[in-house]
Amino acid sequence: MSFDLMSYEPRGDKKNSGFFNEYLPMIYERRTSSGIADQVGQMRAIVIQVETHALFDTMVELYVMTPYRHSASYLGTTHKFAVMHSHSDYPALILMAPLSEMFEDFIPRINRMYPLARGTPQTRYVGEIFAASDLNDLSKVLEDQNIRFEYSGDTENPFYTLDGFRFTTPSDFTCNRVGYSTLDFNDPDSLGLGDRVLLSADEQARLDQAAAFGADSKIAPLMLGIDHLATRVLAGEREDAILEFLTMVPYYFWGAYNIFDMNSSTNVNRNADVDDDKKSPAKVFTANNTPSFVNSFAKLPMPTEDFVRNFGRRLHHMAVEIQDGDHAAGEKNVDFVVNTLKDEGVPFLAHVVGECKDDPNLKQIFSKHSKHTLLITEYIERCHHYDGFFTKDNVAALTAAAGQDEQYEHGHVFD
């Protein structure tokens, strides 16, 4: 540890309950005494499922909008997989798509409950996979703490019970899973995802064209890796979601800030064992300050709660860190990247927010939701080694922009 968790004072102005303040140090202590802190390492992969026919188009989109590049594809018994990498020290990305549009498991069942998720029933961010040393011992310890895991026969998708993997059941608070693995994610063939599948000549040409765009435009070298992953949850489940996550992984509660203009709070959890968040991206949980039915008295904005009610508890966005610096004539790198992507037809929710002059600060922007993953891509430049993680004004502006794009009209859900 780079610091003592028990003496660390979380940052921020969001007041947590006595329940949270009582159990947070207890969870830290139990992680150490039970051996979880020693058994679980950094994040090694993130997993996203898309519609049956969207796998390749999602890869192309990721080539344009992120540093991820295709490593290998596989055909499993129920799903097709694509493994992508950005940097050997950073989490891999596993895309999967069911072979049949009629495939049924937790994902389409939960998506059909929400009006803006029904149109893409197979599409959902699944969760993260962390390095682990002993899956049997780890699962036994966590099961004693009432964490549930998938075993053969429990789930229709055999990916969750492959040798070398151990996945929790979806969280009641976030609908995300936490996975553990002893495998080498820089060696995709070792993952046992299925029979290796080669891309067609036309598919490879499309990926090469997307890669050439990033190289020729000079934006690809500026996209460094995933900075953080942000999940939206309901107001009353914020503390439970944080404490549950911290039970399972060696992260710590960095702090939380009220975003008063948007009637929400942003809650950041980071891995203290890495010297760079991109090696094990921060996990952010955002929630309304009050439930929607109470907010009806004050009638404050509530884009975070509206998102959950429209899409369900799920990941909202993943943030790509942009290399700090100026591109040309004083234009910050993040402005250059975003303007280049706009020229390529990538839609964004608003203008870049924040200023980067002589003092440490942030510049950030949200893309529109991907039609393939439903995720927003955030681009963030931490100027002059800014270490505050985010600014309240920036988050308020980004939340407001996303909220305008996440509404639905009654009577048009099944159009």
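Below, the figures for the structure above:
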| item | result |
| --- | --- |
| Share of Cα-Cα pairs in region 60-102 lying beyond 12 Å, as whole percent | 61 percent |
| Karplus-derived HN-Hα couplings along region 173-183 (A = 6.51, B = -1.76, C = 1.60, θ = phi - 60°), whole Hz, x at Gly and Pro | 9, 10, 6, 8, 9, 10, x, 10, 8, 9, 8 |
| Over 18 Å (Cα to Cα) - which of 14/279; 283/368; 342/368 fall in this group | 14/279; 283/368 |
| For region 292-303, 3J(HN,Hα) per residue [Karplus equation, 6.51 cos²θ - 1.76 cosθ + 1.60, θ = phi - 60°, Hz, x = Gly/Pro] | 4, 5, 7, 4, 4, 6, 7, 6, 8, x, 8, x |
| Projected-area average for region 99-138 over all orientations - Cα convex hull basis, square nanometres | 4.4 nm² |
| Global form of the chain, assessed from the alpha-carbon gyration tensor, a/c cut-off 1.5 | rounded |
| Residue 209-residue 273 pseudo-label distance in nm [points 7 Å out on the Cα-to-Cβ vector] | 4.4 nm |
| Intensity falloff of region 135-272 expressed as log10 I(q)/I(0), Debye formula with alpha-carbon point scatterers, at q = 0.14, 0.16, 0.19, 0.21 Å⁻¹ | -0.95, -1.07, -1.17, -1.25 |
| Proximal aspartates and glutamates to residue 357, defined as alpha-carbon separation beneath 17 angstrom and excluding residues fewer than eight positions away on the same chain | 324, 326, 331, 335, 381, 387, 393 |
| Region 106-202 - charge dipole about Cα centre, Lys and Arg +1 at Cβ, Asp and Glu -1, debye rounded to 20 | 620 debye |
| Mean-position separation - Cα centroids, region 102-173 and region 239-276, in angstrom | 21 Å |
| Magnitude of the charge dipole, the chain, Cβ model with Lys/Arg +1 and Asp/Glu -1, debye to 20 | 760 debye |
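Bear in mind that the values in this text are calculations on the coordinates, not laboratory data. Quantities reported herein were computed from a predicted structural model and do not represent experimental measurements. All Cβ positions, even for glycine, are placed from backbone atoms using ideal geometry, and neighbour counts span all protein chains on display.
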